[in-house]
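Worksheet: the structure to be examined is printed underneath.
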Amino acid sequence: IVLSAIWTAIAVADRLVGPIRQLIGAADEVATGNLDVSVPVRAADGDMASLGNTFNKMLLELKSQRNELLSAKDVIDERRRFSEAVLSGVTAGVIGVDAEGTITIVNRSAETMLAISGDVAVGEKLSVVLPHIGTVFEMGRNTQRRVYREQVTFFRNRLERTFNVQVTVEQEDVSFGGNSYVVTVDDITDLVQAQRSTAWADVARRIAHEIKNPLTPIQLSAERIRRRYGKVITEDREVFDQCTDTIIRQVEDIGRMVDEFSAFARMPKPDMQTIDLRTPLREASFLVEVSRADIAFERDFGDEPLEGTFDTRLLTQAFGNVIKNAAEAIEGAERIPGQHGVIRVRARRDGAMIRVDVMDNGKGLPRDNRQRLLEPYMTTREKGTGLGLAIVKKIVEDHGGTLELHDAPDDFHEGRGAMISIFVPSSGNSGVAESKQEEQVANGV
């Protein structure tokens, strides 16, 4: 009887504890993320059966909600990938910013244009990563306008660049923590430079017209006075000669400046012909060499022809300006006793382009903002007009090429001096030149 009672008690206890044990096991599975479990339910279990049904119903609802969340996440991820794909193909720089001023997204163009890493920038304050653009963002955020625009100029990669910055309110919903913003950045440096060049060309045209007319009669009058009265004047003859010589010399200097103004203002279109680029290079370097006996010239043009479609006269002028600048840089440099000036002119193929390097061991280029030297009337020389490199840039661009300013390489007289690199397309490669130009703009060159 005792054994029977014990067995009956164990059976009853197991029947009561079994559903609870199954419920605990199912709860443990759910805790691990498995929502595919269920609790067996028997109508005879009474309240435990009701608890099991409720538990199973809860699992079904959790599973349904999880599937909806996963589906929504997939949709969001797909939209995000689509947005990133669209932004990656946009030429303008795009930066997403939240209500706290924290960067949420940076497209590829912004990374290249502003020399930042998207992986590093995301999660950081815009005002910390890009202070100048951050200032515009704060101004835009504090206005009542949906779109705010401002133009800013600052240095990137040691070059002064000008940007159009637009701040747009993307959404106004407190449920998302307030406004979010899209900051769009466009590099308009080249456009500004083109506008300056156009304006300066008009100024040069007016200067050349207004100044050149009286120069000839002034010079002729001074020469006539010297011829007619040179022998008559006996008192202070030396002063007389000095004054007339000064007038004639200064008029000639002004005339040369006016000629440069005229050349910059007129800039004829290239008359393209298939030639060997070494021909204008030899001519230009020879013309400078014969007048600079104190400077050693090194030429490396290779043995193979460097053929392309060029205007011989314009390229001779461009190469001559660059080589002349190199000679003047040598004259203006402090030189160690016994050291002589050297100009090296090198030409070779560089892929589908022809590259011409003009190196000198002169005083070198300014470290910051040297690209401004390519703009009209920007010069580091006391008596320079600032048109030489501007004319070179225009000629090279008319040939579908590009112009770069560098320090002299280390293997050239210990890296002292400057190197001007000119890239022009060989025959049938103008499209490559355009790609080269786009690459330079993206890199801020």
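The values are calculated or read from the model by the stated rules, or taken from the named source; none is laboratory data. As the structure is a computational prediction, the values presented were derived from the model and not from experiment. Positions of Cβ are backbone-derived with ideal geometry, glycine not excepted, and every protein chain shown enters the neighbour counts.
See the values below:
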{"quantity": "Any hit, region 279-289, residues being of a type in the set (Gly, Ala, Ser) and touching a Gly at 6+ places or on another chain (Cβ under 7 Å)", "calculated": "yes"}
{"quantity": "Criterion violated by Ala293 - all others in (1) assigned to a loop (DSSP other than H, G, I, E, B); (2) hydrophobic (A, V, I, L, M, F, W, C); (3) touching a residue at least 60 places away in the same chain (Cβ under 8 Å) satisfied", "calculated": "(3)"}
{"quantity": "Number of the exception - Ala44 against (1) over 60 Å from the mean Cα position of the chain (by Cα); (2) in a helix (DSSP H, G or I); (3) modelled with pLDDT of 70 or more", "calculated": "(3)"}
{"quantity": "Hits in region 199-229 (condition: farther than 30 Å from Glu375 by Cβ and touching a helix residue (DSSP H, G or I) at 6+ places or on another chain (Cβ under 7 Å))", "calculated": "Ile218, Gln219, Ala222, Glu223, Ile225, Arg226"}
{"quantity": "Qualifying position, being at pLDDT 90 or above and either buried (at least 21 other Cβ atoms within 10 Å of the Cβ) or farther than 22 Å from Trp200 by Cα (or both), among Glu298, Glu328, Glu304, Glu334", "calculated": "Glu298"}
